[in-house]
Amino acid sequence: GVEKRSKVRSRIVADQLVKLIKEADHVVIMGHRMSDLDAIGSAEGVLRICKMCDVPAVIAINSEATLAGPLLKTFLDAGEGHDFIAPDQTLDVITPNTLLIVVDTYQKRLLESQQIYEKCKRVVVIDHHRMAVGHIDNPTLIYHEPYASSASELVCELLQFMPKENNITPLEAQALLAGIMLDTRSFALHVGVRTFEAAWLRSRGAQTADTKLLFNTSKEEYEARAHIVEAAYIYKGCAIALSDELEAGMNVVLPMAANDLLTINGVDASFVAVAKNDGVNISARSMGALNVQVI
């Protein structure tokens, strides 16, 4: 893709977002199921915008099913646990004047909670994935840029256009940087000129070494990931790996194994298929030569 978005559009979206937030009595921020570092990072960035507008806001997340456990724990240890709420508890506080902000997904079936989406009358979408079947219908405001590296990059850009003095915390800056690093694989893939401008986060206290630690895994996860990679075979330039159902809490192994397979010479795309709840979960990645989302 070619970068097409302009800073003028980013400024306009930022102004519209602030207006919508200030009109709401409170805001619910939500990402996709099995939230990753980009979903949590971008949600934290939006939460900061809500705090700048002096409007109460929470992040709806299933902490028992997330790929961003280390980042979530970092916020809990910092005493920020009140910013997170279980999706089923959110349903009780939604009113006709509640604003829902969806980050890092545009598809209804992938939302952390479809009930929250159905109950909220006003919805804002901030996403960087290609539009697919089953996307959110008629959002009040949409910031959809497939040319961006990540949702965290988009939110980072919006933060720089906030009218109030920008008081983003070092921990929030680190979360946004982690989201960008995840989706670009440490600034190697899907990177545009604007992605590198997100280095602004470094001036806000984001520590690259600490951010890198969020990507560390346990020995058990590393062994499971190595086993999947070892069993892969190559077909028409695609690395394909199959696995029986993994132990609980090992879901982070799928995307990691898919990324590892891309480092093999001659591999343009990788597909890791794992048995899950009488079905199959597939994690697919590519270097850009193939569009795995279309496949």
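Annotations for the structure displayed:
- For the chain, the dipole from Cβ point charges (+1 on Lys and Arg, -1 on Asp and Glu) about the Cα centre works out to 1060 debye, to the nearest 20.
- For Y222, the accessible surface of its heavy atoms amounts to roughly 140 Å² (probe 1.4 Å, protein chains only, rounded to the nearest 10).
- When the Cα positions of S10, W200, A65 are compared along the charge dipole of the chain, S10 comes out farthest toward the positive end, with charges on each C-beta of Lys, Arg, Asp and Glu.
- Only protein heavy atoms count here; under a 1.4 Å probe, E221 has an accessible surface of about 40 Å².
- Between the amide H of D36 and those of L67, distances stay under 5 Å, these residues lying 5 or more places away or on another chain, with hydrogens modeled in the peptide plane.
- Ordered by solvent-accessible area of protein heavy atoms (1.4 Å probe), largest first, the residues I12, I40 come out as I12, I40.
- Against the main long axis of the alpha-carbon atoms of the chain, helix 37-52 sits at an angle near 10°.
- Think of the chain as having a plus end and a minus end, set by charges on the Cβ of Lys, Arg, Asp and Glu; of I126, L254, G279, I126 sits farthest toward the positive end of this dipole.
- Among the listed pairs K22/K119; K22/K108; K236/K276; K19/K119; K51/K73; K73/K121, a Cα-Cα separation exceeding 23 Å is found for K22/K108; K236/K276; K73/K121.
- Rounded to the nearest 10 degrees, the angle from helix 7-23 to the longest Cα principal axis of the chain is 60 degrees.
- Per-residue ³J(HN,Hα) for region 121-128, Karplus 6.51 cos²θ - 1.76 cosθ + 1.60, θ = phi - 60°, Hz, x for Gly and Pro: 7, 10, 10, 10, 10, 10, 8, 10
- Accessible surface of region 205-290, 1.4 Å probe: 52 percent of it comes from carbon and sulfur atoms.
- For region 127-220, a simple Cβ point-charge model (Lys and Arg +1, Asp and Glu -1, everything else neutral) yields a dipole of about 280 debye relative to the Cα centre.
- The chain: most fluctuating residue of V155, V58, V193 per GNM, C-alpha cutoff 10 Å: V193
- Rounded Å value of the spacing that divides the Cα centres of region 234-267 and region 107-153: 27
- Mean separation of Cα contacts under 8 Å (6+ apart) over length of the chain, as relative contact order %: 15
- Taking all protein chains as they are arranged and a probe of 1.4 Å, the heavy atoms of K73 leave approximately 120 Å² accessible to solvent.
- Helix 219-230 axis, angle to the chain major axis (alpha carbon atoms, nearest 10°): 60
- Cα gyration tensor shape of region 188-295, rounded if a/c is under 1.5, else prolate or oblate by comparing a/b with b/c: oblate
- Heavy-atom SASA rank of E223, E44 (probe 1.4 Å, accessible area, largest first): E223, E44
- L290, L171, reordered so the largest accessible area comes first (probe 1.4 Å): L290, L171
- Prolate/oblate/rounded call for region 250-295, Cα gyration tensor, a/c under 1.5 rounded: oblate
- About the Cα centre, charge dipole magnitude for region 75-129 (Lys/Arg +1, Asp/Glu -1 at Cβ), debye: 420
The values are calculated or read from the model by the stated rules, or taken from the named source; none is laboratory data. Since the structure is predicted, the reported quantities are computational estimates derived from the model, not experimental observations. Glycine gets a Cβ as well: all are built from the backbone with ideal geometry, and neighbour counts include every protein chain shown. Surface areas here come from the heavy atoms of the whole protein model, side chains and all, with no ligands, DNA or RNA. Shrake-Rupley method; radii C 1.70, N 1.55, O 1.52, S 1.80 Å.
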